[in-house]
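Worksheet: one structure, shown below.
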Amino acid sequence: MIKNLRILAILEGISYLLLGVTMPLKYMMAMPQPNYFVGMAHGVLFIGYCGLVLYIAIKRNWTLKLTLLSLAASLIPFGTFYADWKWFRKMEN
């Protein structure tokens, strides 16, 4: 399960960063289509990441601190990359 979480964390992080590209396209260049698709993908990946974090936290008896930090990582740019590097890759071994 941790391997799936690591993959989802990376994909969610990439989609979050892509929003930084598509938002200016939408508002500065009047090109809303890229933002629609990236936004939809990001929303699905965000919900999947949060759900998988909660599922694994319950199954593996994570501390409340680790669970909340893992969830908060999805709210800041590069946060899921950090969570993967700091916590998730160590759990996989």
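Read-outs: derived from the displayed coordinates by stated rules, not from any lab. Keep in mind the model is a prediction, meaning the values are calculated, not measured. Heads up, the Cβs are rebuilt from the backbone with ideal geometry, glycines too, and the neighbour counts pull from every protein chain shown.
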**Complete:** Proximal lysine pairs in the chain, meaning Cα under 22 Å and 8 or more positions apart or interchain, come to 8
**Prompt:** Bin by bin, in steps of 10 Å, what percent of the Cα pairs in region 3-77 do you find, going until the bin that has the longest distance?
**Reply:** 20, 43, 24, 11, 2
**Request:** Give the long-range amide H neighbours of M31: residues separated by 5 or more places, or on another chain, with amide H under 5 Å away, using H modelled in the peptide plane at 1.01 Å from N.
**Result:** K26
**Message:** Please compute the contact order of the chain in relative form: average sequence separation of alpha-carbon pairs under 8 Å and at least six residues apart, divided by the residue count, as a percent.
**Reply:** 41
**Item:** Total charge dipole magnitude, the chain, about the Cα centre, Cβ charges on Lys, Arg, Asp, Glu only, Debye to nearest 20
**Value:** 320
